[in-house]
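Encoded as structure tokens, the structure appears first; notes follow it.
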Amino acid sequence: MLTLVGMGIHGYKGLIMEAIEAIKHADKVYLEAYTSPVNGRDVNAIKALRSDLLVVHRWFVEDGRRILDEAREGDVVLLTYGDPLVATTHTELMVRARGSGIRCKVIHSSSIVTAALGECGLHAYRLGRIATVVSDPIASTSTYYVLYTNLMQMNHTLLLLEYDHEHGYFLAPGDALRLLLECEARERMNAIGEGTFAIVASRVGMEDMMLVGGKIGSLLKHGFGEPPHTLIVTGSLHFTEVEALKVSVTLLDEPTDNTKGVKARAEIMLSNYIPRAYTALSRAREYVTHAKDAIDSSIKDMIDNAEYYLSDAERFAREHRYEHAILALGYAEGLIDALRYLKGIDPWRGK
């Protein structure tokens, strides 16, 4: 049998009696050391129960063959920080075990996902997708869009920070925030800026836990001590959440609603393309007005219809009916484009 045991946010102190009994009676006990930094005191405490405890790295768990082979013949315990099934690698191992006819039991525990939000007084049901900020600027773009999507849905975003056990590397909160600001400079979706309110939750569950909230501009000037750290970018805040933040978090700035500045992609696109289409339409009318040759009435009707469609696009955009607005804009642009083929002019370029 394979037993996945969560140690929660308190490490060895977070083990329940069922987990301790499983550790004592297992044939093999492993502690994975890549989803969270391993505390030496936890290792020593567990070794007091099982002197043959093995601390294993990412490749060992991801490969999983040794664990599964041993679980076919005896009882194997894999210890993890937090809750075992928050990490997809552990879920995959569970699926592989059960798919191979190996009994798999999970002893759940607390997770940073719920603990960080709870300590700040934020509502768990307002949490959107979780993401990890990594040191690669390009890879961080996907995290940026998770943040953007969550804000569009008025949800909070919990951001885990890259941790490399083998090299002892932790992505610092300030570096993570700078990476997201760089993404904003490239993507320009108004998802994050130096005025965005965020929280840095440091060493949650430990005696020296620190929760600091404020505008990103303020957080970038602040020190947060030793890892691990977690970032929270809040969405729309309920008044009870604001009250909780004021008594639970060290605030450098007042909490603000981060959803007010973010716009739908369609809204951003329409705000750029509708004025551009009106400029092209104005050039088309100018051509008709100053044309030396007689202009067919159908050309004038085409320009009029393009204006009607643009007017519809503006109205639909104001009503947040973005699909209709894009369709109307497309019809208008199509009519304007037709002038290039019918009269050899290009209103988009003013020629």
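The values are calculated or read from the model by the stated rules, or taken from the named source; none is laboratory data. What you see is a predicted model, and the numbers here were worked out from it, not measured in a lab. Note that we place each Cβ from the backbone using ideal geometry, even for glycine, and neighbour counts take in every protein chain shown.
Odds and ends about this structure:
- Residue in the stretch 297-304 that is surrounded by 13 or more Cβ atoms within 10 Å (Cβ to Cβ), among the hydroxyl-bearing types (Ser, Thr, Tyr) and out of contact with any His (no Cβ under 9 Å at 6 or more places or on another chain) present: no
- Wholly within the stretch 4-63, helices (runs of 4 or more DSSP H) carrying at least 3 residues that are within 32 Å of the chain's Cα centre (by Cα), of a type outside the set (Ser, Thr, Tyr) and within 19 Å of HIS229 (Cα to Cα): none
- Considering LEU179, LEU211, the condition of being in the same structural domain as TYR145 (by TED's automatic domain parsing) and part of a helix (DSSP H, G or I) is satisfied by LEU179 alone.
- Search result, residues across the stretch 10-41 that are among the acidic types (Asp, Glu) and touching a residue at least 12 places away in the same chain (Cβ under 8 Å): GLU18, ASP27, GLU32
- Considering only residues in the stretch 330-350 that are in contact with a Phe, Trp or Tyr (Cβ under 6 Å, 6 or more places away or on another chain) and not aromatic (Phe, Trp, Tyr), the one that is nearest to TYR287 (Cα to Cα) turns out to be ILE345.
- Within this structure, PRO84 fails the test of being under 28 Å from GLU207 (Cα atoms) and at pLDDT 95 or above.
- Here ASP69 meets each of (1) touching a residue at least 12 places away in the same chain (Cβ under 8 Å); (2) outside any loop (DSSP other than H, G, I, E, B); (3) of a type outside the set (Ser, Thr, Tyr) with one exception, condition (1).
- Criterion (without any contact (Cβ under 8 Å) to a residue 60 or more places away in the chain and in a strand (DSSP E or B)) met by exactly one of THR157, THR132: THR132
- Of all residues making up the stretch 93-122, the number that are touching a residue at least 12 places away in the same chain (Cβ under 8 Å), of a type in the set (A, V, I, L, M) and either under 19 Å from HIS156 (Cα atoms) or exposed (fewer than 15 other Cβ atoms within 10 Å of the Cβ) (or both): 6
- Evaluation of LEU151 against (1) assigned to a helix (DSSP H, G or I); (2) touching a residue at least 40 places away in the same chain (Cβ under 8 Å); (3) farther than 17 Å from GLY193 by Cα (one fails), failing number: (3)
- The residues listed here are TYR125, TYR163, TYR148; of these, the one that is of a type in the set (Phe, Trp, Tyr), crowded, with 17+ Cβ neighbours inside 10 Å and either touching a helix residue (DSSP H, G or I) at 6+ places or on another chain (Cβ under 6 Å) or more than 21 Å from VAL56 (Cβ to Cβ) (or both) is TYR148.
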